[in-house]
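The values are calculated or read from the model by the stated rules, or taken from the named source; none is laboratory data. If you're wondering where the values come from, they're calculated on a predicted model, not measured in any experiment. Cβ coordinates were reconstructed from backbone atoms using ideal geometry, including for glycine residues, and neighbour counts include every protein chain displayed. Surface areas here come from the heavy atoms of the whole protein model, side chains and all, with no ligands, DNA or RNA. Shrake-Rupley method; radii C 1.70, N 1.55, O 1.52, S 1.80 Å.
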Amino acid sequence: MSEKLRAVLVGCGSISKAWLTPIGQFDDVEIVGLVDVKSENAEQARDNFELWQAEVGDSLPTMLARQKPDVVFDCTVPEAHAEVTLGALAAGAHVLGEKPMAASMTQARRMVAAAEQADRICAVIQNRRYMDNIVAFRQAIADGLAGRLHTLTGDFYVGAHFGGFREAMQHVLILDMAIHTFDQARYISGQDPLSVYCHDWNPAGSWFRHGASAAAIFEMSDGMVFRYQGSWCAEGMNTSWEGEWRAIGDRGTVLWDGRDRIAGERPSRREGLISPVEGFSRPVDTGLTLHGHAAIIREFLDCVRDGGRPQTDCRDNIKSLAMVHAAIESAESGRKVAVEAIR
Ligand SMILES: NC(=O)c1ccc[n+]([C@@H]2O[C@H](COP(=O)([O-])OP(=O)(O)OC[C@H]3O[C@@H](n4cnc5c(N)ncnc54)[C@H](O)[C@@H]3O)[C@@H](O)[C@H]2O)c1
């Protein structure tokens with residue numbers, strides 16, 4: 001392996017800026033290739049980030065053969081993630097890709113098998129795990145402030161006018177956004193999904209083609225229920241992109257507003273109809289030095305160099321994706337669906 005890791009980035013659309021900015025600040029990785037089916041997008045990225053050393057092209061197989069990269073960064077649309085990853089792994093590269101891991105569970109299982117066979121890392125960007133506030137909320141739960149969790153709720157309301165591929169997608173909220181919230185639920189609780197009942201719909205006035213609102217109830221592995229509700233057509237009074245959370249356990253309740261407030265209450269003694277409570281709060285500064293995309297890209301590069309696997313390795317992330325596809329199957333069938341069966 002050369003001194004600097006040689007990287008090819010595929011898919012030079014909107015999100016690629018959130019990758020190329022931190023990558024430009026790391027001195028042990030070099031972008032040697034930029035690929036996009038619309039080669040003008042790759043040229044634009046090269047010019048915007050002054051990546052004059054990078055080859056630009058519209059074919060990943062050709063770029064892999066010419067540049068032989070150590071790592072491939074996949075910022076393409078969900079339908080292309082499996083093809084990009086399988087091609088990159090077959091060429092011997094480690095892969096870090098955008099969420100969702102794949103557009104179907106069949107594709108995701110192929111990606112896991114290919115990573116195993118190639119003995120390479122294949123990991124997914126779940127940037128919302130790498131923020132001070134969620135890390136602090138997770139720690140508050142792990143420290144037992146609520147006790148043993150029996151209920152977790154996550155609410156997501158953002159009126160987002162993206163244009164582009166999302167407005168034509170089926171089940172757009174669940175497939176493109178709820179993957180973040182579902183993955184957050186696993187991260188916060190430390191529990192894995194068992195089953196889901198989900199209903200999604202396209203609300204009045206929606207500017208999406210399908211499924212811009214959803215509600216889902218998951219049974220989780222330690223007896224907890226995770227209840228999700230969200231919409232991409234909520235104009236006004238938006239939550240943060242991280243959602244609003246309530247964790248209830250056998251000792252008390254902890255709230256996270258999805259921004260900078262983590263606070264809770266627990267009974268101070270058992271008395272009367274409603275027990276008297278004492279309040280508590282947690283600071284959200286956990287001292288992370290890198291956040292979001294920068295943090296997960298750094299973790300991935302460190303694992304490529306030193307061994308180990310990022311926390312969002314595909315073998316684990318497929319459980320979050322399974323929540324998405326089980327929810328979609330439930331929404332389509334109107335039945336409760338076992339998440340394990342989907343995996
Ligand atoms: N982690 C986050 O917070 C976050 C935020 C936004 C988007 N995303 C994800 O990033 C991905 C891309 O989203 P976007 O908003 O940048 O979309 P976009 O449409 O702006 O960009 C996608 C780019 O990929 C190119 N492309 C498509 N198929 C390709 C292929 N087979 N080979 C090479 N290039 C290809 C397109 O031409 C386009 O330039 C999606 O999976 C999306 O869910 C993640």
| said: Using all alpha carbons of region 188-343, what is the percent of pairwise distances in each 10 Å bin, ordered from the shortest bin to the longest? | reply: 9, 25, 33, 26, 7, 1
| field | For region 38-47, Karplus couplings with θ = phi - 60° (6.51, -1.76, 1.60), whole Hz, Gly/Pro x | value | 9, 4, 5, 5, 5, 4, 4, 5, 4, 5
| remark: Going residue by residue through region 209-224, the Karplus relation 6.51 cos²θ - 1.76 cosθ + 1.60 with θ = phi - 60° gives ³J(HN,Hα) values, rounded to whole Hz and with x marking Gly or Pro, of 6, 7, x, 7, 10, 7, 9, 9, 10, 10, 8, 10, 5, 9, x, 7
| query | Along its principal axes, what span do the Cα atoms of region 5-124 show, with the longest given first and each in whole Å? | reply | 37, 25, 24
| task | With a 1.4 Å probe and every protein chain left in place, tell me how much accessible area H199 has, in Å² to the nearest 10. | result | 100 Å²
| field | Debye, to nearest 20: dipole size of region 5-124, +1 on Lys, Arg Cβ, -1 on Asp, Glu Cβ | value | 340 debye
| query | Remind me, what semi-axes does region 160-278 give for its equivalent ellipsoid, largest first in whole Å, using sqrt of 5 times each Cα gyration tensor eigenvalue? | reply | 32, 17, 12
| Between region 94-125 and region 2-66, the Cα center-to-center distance that results, in Å | 20 Å
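How much net charge surrounds L89 when only the other residues with a Cβ under 12 Å from the Cβ of L89 are counted, with Lys and Arg +1 and Asp and Glu -1? Mind dumping the intermediate values first?
Working: positive: R110, R120; negative: D74, E83, E116, D119.
My count for the surroundings of L89 gives -2.
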| Counting only residues 5 or more places away or on other chains, whose amide H sits under 5 Å from the amide H of A123 once H atoms are built in the peptide plane? | V95, L96, G97, C314
| query | Mind checking the angle between helix 179-189 and the chain's longest principal axis? C-alpha axes, 0 to 90 degrees, to the nearest 10. | reply | 50 degrees
| By what distance, in whole Å, do the Cα atoms of the chain stretch along each of the three principal axes, largest value first? | 74, 42, 39
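By per-residue mean of other Cβ atoms within 10 Å, what is the highest-first order of 74-84, 139-149, 318-328, 253-263? Spell out each step's value before the answer.
Working: 74-84: 21.0, 139-149: 17.0, 318-328: 25.7, 253-263: 18.6.
Answer by packing, highest mean first, reads 318-328, 74-84, 253-263, 139-149.
K319 to D132: FRET efficiency via 1/(1 + (r/R0)^6), r the Cβ-Cβ distance, R0 25 Å, to the nearest 0.05? Each step should come with its number before you reach the end.
On the way: r = 24 Å, r/R0 = 0.98.
About 0.55, to the nearest 0.05.
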| query | Helix 105-118 sits at what angle to the longest principal axis of the chain, using alpha carbons and giving 0 to 90 degrees rounded to 10? | reply | 60 degrees
| query | Cα axis of helix 132-142 to longest principal axis of the chain: angle in degrees, 0 to 90, nearest 10? | reply | 50 degrees
| remark: Treating only Lys and Arg (+1) and Asp and Glu (-1) as charged, each at its beta carbon, one finds that region 153-222 has a dipole about its Cα centre, in Debye to the nearest 20, of 260 debye
| Radius of gyration and maximum dimension Dmax of region 1-67, Cα, Å | 11.1, 31
| query | What are the principal axis extents of the Cα atoms in region 76-196, in Å, biggest first? | reply | 47, 37, 29
| field | Dipole magnitude of the chain, debye to nearest 20 (Cβ charges: Lys/Arg +1, Asp/Glu -1, about Cα centre) | value | 820 debye
